[in-house]
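Participant: Okay, here's the structure, questions in a sec.
The values are calculated or read from the model by the stated rules, or taken from the named source; none is laboratory data. Given the structure is predicted, the values throughout are model-derived calculations rather than measurements. Every residue, glycine as well, gets a Cβ built from its backbone with ideal geometry; the counts of neighbours run over all protein chains shown.
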Amino acid sequence: MIPLSVIYVGLAGVMLALVVATAFQRGSPRVFFILALRLAIGWHFLFEGLHKIHSHYVGPTETNRPFSSAAYFRHAPGPLGPLLRRSYEDPEGVIAARVRVPSTIDPELLRRSTLEDQAQACPTAVAAELDALLPQIEEAVRQEAERELAAADKEESVGLAQATTDTAKAEVRNKAEAARAAARKKLENYGSIARERLQAAKAAYARWVHGVDPRPTRIKFITNEDVPLTAPQRLAYLDHLRQALEEAEERLRLGLGHGYGIEQKRATDLRNDYDNALTELARDALAFLEDLKKDLLGDAYAPAPSTLSQGELLDRITMWFLVIVGTLLLIGLFTPLACLSAIGFLVLTYLTYPPFPWFPHPPGTEGNPIFINKNVIEALALCVILVHPTGRWLGLDALWMYFCSRRCTAKPSTQSTAHP
């Protein structure tokens, strides 16, 4: 991230430029405060975008979560909410297909069951995805057997070269022949071996889903330690958060706690916790499935190419949009266009999560806004900047317009003259 010393120098430079520009405008208080408003909004946009970019650069850690607007849009009640929600993958759909099972099986009973019975308890979506890999698993087993044959031949040649007695050479030959026999057997039965490995993978996933084997899980407020949890335990935690959230939202519907916004903040915090737990469970289920695929395919495993979803692409656009618009406002370049773009962004944000009394507040809301929130105030401030030539008072718009006017005046006027 940008060092604090650079930020302090930049802030000092902005303040100095503001004072100098005001002095050139005869110390007009109107010029000072309108310029200060533009610079403040530009500073806010720029560093908000840089912070979001930095969160992706650092990656997920105990104290950092890469910026994502998925949780924001998941509960957006405004007219644009349903449209934007379709851009993001639904973690509840992932959990319903890969974690929640229609019928529960006693964990102890499943533990004592055969591998085949355990594989039968694997969720249908996961089993189908693993079954589709059977031809690749068979090919991986066949190649593994061929490598073992080649390794046995190589080991035999090296061993014979190093052996000094007939007894040692015979021992090397016997060991190599045993390895070759095992490899040939694997080569002859690669299909059944592949199916056994496939069953073992489905059984491993089923044991996690039905509460037999836990997996390391990162829990909020527990640092530097993974807690082993099974899928039913994590679902129970999700249900607990959902019930607490529903109770908090019911209190809001009854109008309780509006005076100080206590219940509103509590509901917002619970909604954030629930969304994060939901997303992490869906991500962990998919990661477990990828680990099983990697174990099954070995060197032939090739992870799916990482392509940005529509929601992730929207997040990237948002981050860089904030940086670009903030920079243009700070340097005073194409100021009217930057103002219009920022106003449009704030209007879209308002229509996604309008602060109506009957709607819940979005995550991270400060205070208790009703109809008017910070987005509206900032949009109105940008309208004020839009109708004033602030880029000519302080900014590169002055140079841009100067060069444009020079080009226009430099063109020779061509007038036709009539000759008698």
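Participant: Limited to the stretch 43-68, what total is found for residues that are closer than 22 Å to residue 341 by Cβ and touching a Ser or Thr at 6+ places or on another chain (Cβ under 7 Å)?
Facilitator: Here the count works out to 2.
The rows are residues; the columns are (1) in contact (Cβ under 8 Å) with a residue 12 or more places away in the chain; (2) touching an Asp or Glu at 6+ places or on another chain (Cβ under 7 Å); (3) aromatic (Phe, Trp, Tyr); (4) surrounded by 16 or more Cβ atoms within 10 Å (Cβ to Cβ).
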{"site": "344", "(1), (2), (3), (4)": "no, no, no, no"}
{"site": "350", "(1), (2), (3), (4)": "yes, no, yes, yes"}
{"site": "361", "(1), (2), (3), (4)": "yes, no, no, yes"}
{"site": "366", "(1), (2), (3), (4)": "no, no, no, no"}
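Participant: Do we find a residue being free of Cβ contacts under 8 Å to residues at least 24 places away in the same chain, crowded, with 16+ Cβ neighbours inside 10 Å and not assigned by TED's automatic domain parsing to the domain that holds residue 378 anywhere in the stretch 74-94?
Facilitator: Taking every residue of the stretch 74-94 in turn, at least one turns out to be free of Cβ contacts under 8 Å to residues at least 24 places away in the same chain, crowded, with 16+ Cβ neighbours inside 10 Å and not assigned by TED's automatic domain parsing to the domain that holds residue 378.
Participant: Looking only at the stretch 377-399, count every residue that is closer than 30 Å to residue 75 by Cα and either small (Gly, Ala, Ser) or surrounded by fewer than 17 Cβ atoms within 10 Å (Cβ to Cβ) (or both) and tell me the total. Please lay out each step first, then the result.
Facilitator: Our first condition is that a residue be closer than 30 Å to residue 75 by Cα; within the stretch 377-399, this holds for 377-383.
Keeping just the survivors that are either small (Gly, Ala, Ser) or surrounded by fewer than 17 Cβ atoms within 10 Å (Cβ to Cβ) (or both) gives 377, 379-381, 383.
Final tally of qualifying residues: 5.
Participant: Being surrounded by fewer than 18 Cβ atoms within 10 Å (Cβ to Cβ), assigned to a loop (DSSP other than H, G, I, E, B) and in contact with a Gly (Cβ under 9 Å, 6 or more places away or on another chain) is the filter here; which residues of the stretch 305-333 pass it?
Facilitator: Matches in the stretch 305-333: 333 only.
Participant: Which helices (runs of 4 or more DSSP H) does the stretch 1-93 wholly contain that include 3 or more residues that are under 26 Å from residue 382 (Cα atoms)?
Facilitator: Details: elements: 4-24, 29-58, 70-74, 81-85.
Per the criteria, 4-24, 29-58.
Participant: For residue 101, which of the numbered conditions (1) in contact with a Leu (Cβ under 9 Å, 6 or more places away or on another chain); (2) within 21 Å of residue 280 (Cα to Cα); (3) not charged (D, E, K, R) fails to hold?
Facilitator: For residue 101, the exception is condition (1).
Participant: Tell me which residues, restricted to the stretch 157-172, are at pLDDT below 90 and either touching a Pro at 6+ places or on another chain (Cβ under 8 Å) or charged (D, E, K, R) (or both).
Facilitator: Once the filter is applied, which keeps residues that are at pLDDT below 90 and either touching a Pro at 6+ places or on another chain (Cβ under 8 Å) or charged (D, E, K, R) (or both), the stretch 157-172 yields 166, 169.
Participant: Within the stretch 272-291, is even one residue at pLDDT 80 or above, among the β-branched types (Val, Ile, Thr) and surrounded by 13 or more Cβ atoms within 10 Å (Cβ to Cβ)? Outline the logic, then answer.
Facilitator: The initial filter retains those residues of the stretch 272-291 that are at pLDDT 80 or above, namely 273-291.
Checking which are among the β-branched types (Val, Ile, Thr) leaves us with 279.
Checking the rest, the ones that are also surrounded by 13 or more Cβ atoms within 10 Å (Cβ to Cβ) come to 279.
Yes - at least one qualifying residue is present in the stretch 272-291.
Participant: From the residues in the stretch 33-56 that are of a type in the set (Phe, Trp, Tyr) and in contact (Cβ under 8 Å) with a residue 24 or more places away in the chain, which one is nearest to residue 22 (Cα to Cα)?
Facilitator: Of the residues in the stretch 33-56, the ones of a type in the set (Phe, Trp, Tyr) are 33, 43, 45, 47.
If we keep only those that are in contact (Cβ under 8 Å) with a residue 24 or more places away in the chain too, we end up with 43, 45, 47.
Numbers: 43: 19, 45: 23, 47: 25 Å.
Filtering first and then ranking leaves 43.
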